[in-house]
Each structure stands twice: as C-alpha cells, then as structure tokens.
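Inspection log for the structure reproduced underneath, given as structure tokens.
The values are calculated or read from the model by the stated rules, or taken from the named source; none is laboratory data. The shown structure was predicted, so the numbers you read here are calculated from the model rather than taken from an experiment. Here the Cβ positions follow ideal geometry from the backbone for every residue, glycine too, while neighbour counts run over all protein chains shown.
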Amino acid sequence: MRYYDLKKEIQGEVLSRIDIHLDLDDDAVSELIETVILEKGRERYISTIEKMSIKQEIFNAVRRLDLLQELVEDDSITEIMVNGDEAIYYERDGRLILWDKHFESIEKLEDVIQQIVARANRHVNESSPIVDTGLEDGSRVNVVLKPIAINGPILTIRKFAKEPITVERLVKLESISKEAVELLEKLVIAGYNIFISGSTGAGKTTMLNALANFVPKDERIVTIEDSAELQIQGVENLVKLEVRNANTEGENEVTIRDLIKTSLRMRPSRIFFIYGVWTRNPLLN
C-alpha cells in the first residue's frame, strides 16, 4: 500500500473515532493517532519513519493547518501564498520560493480555510468570497474563493516576528541611518503627523512598530486597522480597533470611517491609522 493511501486510511479511522469523542484535547488526539497507527501496523509493515511522519501529518491535518503547519512554524518564513491546490509559495529573506508540496485536493484546502475562519467566528463562501482574519499567533490571513478567484481558493498568510523589530536593529541592518532615527525620534515626541507609505512588504508596519517606542508612555494611543498587525509594546493605555466586514446578510459592517469617528470620542493622545489602498503608483500603497 502506498504511503498516501495508508495515511488516508489511518486518518479516516482517526476522524471516525474523534466524531464519537468530540471533547478530545490535543494530547488525547495524539494518543488516538498513535493507537490507530499501531493497529494498522499489526496488519501490515509500517517503518518507524513512516509512523512518525504519518502521525505528525495527521495531527496537523486534524488539529492544525495540515501541511501548512510546517511553514507556519518556520520563523524564517514571512509570508505563505497558496494558489489553489496546485502551488504553494513562501517568502524567505525577501525571495519568493515555490514549495515542493501542495494540497491533495481543493476540498482539503477548503477544509483548512474553513477551519481558520471558524476559529475567528468568521464566514467565507461563494456568496461572501473574501475574508480577512488572523491566526492565534497574530499572523494575518486573507482568503479569496471562487468565483472571485478564478484559480482559487487563494489563501495568503502574513507572518510577523514574535519580537517586534526595534529601531536599533533597523540601524544595525542598515535599513535606516542613525541620524534619521534621531530626527524621527524628535518628531514623534513632538507629536508631528507622520505618514509611512510603501509597497506591499516594504516594511511599513515594521517601521511604525519601531517608531511607536518613542511615544511617551503616559499617552493614550488608539490604533485603527483594516487588519490587525501592529505589535505596540510598552504602552499601557492602548485601545486597538479593527474594521468588521458585513455578515452574510450584508449587515453589521463597521468601516474605517466609523472607527475614525468613534476614536475621536475616546480622548486619544495619538491615533495610529493603518489602511492599505491601491494607487497607480505602487510605491504609494
């Protein structure tokens, strides 16, 4: 029996038993997978390497993000791009790389997508084919389904560093000069309005997170985002606002305009406003 068929058979058995025990935690699911593998191992030979691989892949499929879990756990990867069930790209060190793995089927990819959006109490389907949400670790997720995505489903995951990059590190990486940092520090402390613009992946959010460290700690900050990305550290009086898309009935939408209006009634010392727009000049996005 081929590896794929064996894994599929074991996974089917695991899922049938999980349906009976809906309250299983991760440890219990892991033990259940081991039990089924051992049972199948009595019927046919399964090597130790195959057992370990099958166990990890099935656990990721049942409780994590299937084969994407490997990329999500890789801290060197900053973005994951799934183009249907045929191609998966990832970004590392600013380079886009085609992965040598892909989803077994459209249905499997759709299962992962529904798992992601369900955890955030969101919905995505043909009538509402676009959704922005996030993972538990703060990664940003964008989903586009058919008929909008011709070669869909399209899934994009933007990952963020566990520890925000500081201006000191930016200087060390030669992304900005020490003199420029000193000037920006004075402007932030003085309360000047500062606009940060750039193309996708240029580091706009990274720069804003770094500059936020210069804000006096006794000030009240309100952040407004179309998709929560900021990782402001060391600010106790912090209010974070995020837009909400309309539900399947086209109701209950909360727009950027709504958030700006209400933020002015929150007695903010500063408002951090992040919103992505498309322009003819990609450098102004």
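Is it the case that region 138-148 has a residue that's of a type in the set (S, T, N, Q) and in contact (Cβ under 8 Å) with a residue 12 or more places away in the chain? Checked against the condition, which is being of a type in the set (S, T, N, Q) and in contact (Cβ under 8 Å) with a residue 12 or more places away in the chain, region 138-148 yields at least one hit. Would you point out which residue out of 100, 93, 132 is surrounded by 11 or more Cβ atoms within 10 Å (Cβ to Cβ) and either farther than 14 Å from residue 82 by Cα or free of Cβ contacts under 8 Å to residues at least 40 places away in the same chain (or both)? After ruling out the rest, the residue left standing is 132. The residue pairs whose first member lies in region 1-24 and is surrounded by 13 or more Cβ atoms within 10 Å (Cβ to Cβ), whose second member is modelled with pLDDT under 70, and whose beta carbons are closer than 7 Å, counting only pairs six or more residues apart or on different chains, are 18/24. Contact annotation: residue pairs with Cβ atoms under 6 Å, 6 or more positions apart or on different chains, pairing a residue in region 44-56 that is closer than 15 Å to residue 8 by Cα with a partner that is surrounded by 10 or more Cβ atoms within 10 Å (Cβ to Cβ) and charged (D, E, K, R), are 54/7. Checked against the criteria, residue 271 counts as in the same structural domain as residue 202 (by TED's automatic domain parsing), touching a Ser or Thr at 6+ places or on another chain (Cβ under 6 Å), among the hydrophobic types (A, V, I, L, M, F, W, C) and modelled with pLDDT of 80 or more. Residue check: is residue 110 surrounded by 16 or more Cβ atoms within 10 Å (Cβ to Cβ), within 26 Å of residue 36 (Cα to Cα) and not assigned by TED's automatic domain parsing to the domain that holds residue 38? Yes: the conditions hold for residue 110. Residues in region 198-222 that are among the aliphatic types (A, V, I, L, M) and in a loop (DSSP other than H, G, I, E, B) were compared, and the one that is surrounded by the fewest Cβ atoms within 10 Å (Cβ to Cβ) is 202. For residue 163, the criteria (1) charged (D, E, K, R); (2) in a loop (DSSP other than H, G, I, E, B); (3) at pLDDT 90 or above hold in every case but one, which is (3). Of everything listed in (1) out of contact with any Ser or Thr (no Cβ under 8 Å at 6 or more places or on another chain); (2) buried (at least 19 other Cβ atoms within 10 Å of the Cβ); (3) under 15 Å from residue 82 (Cβ atoms), the single unmet condition for residue 158 is (1).
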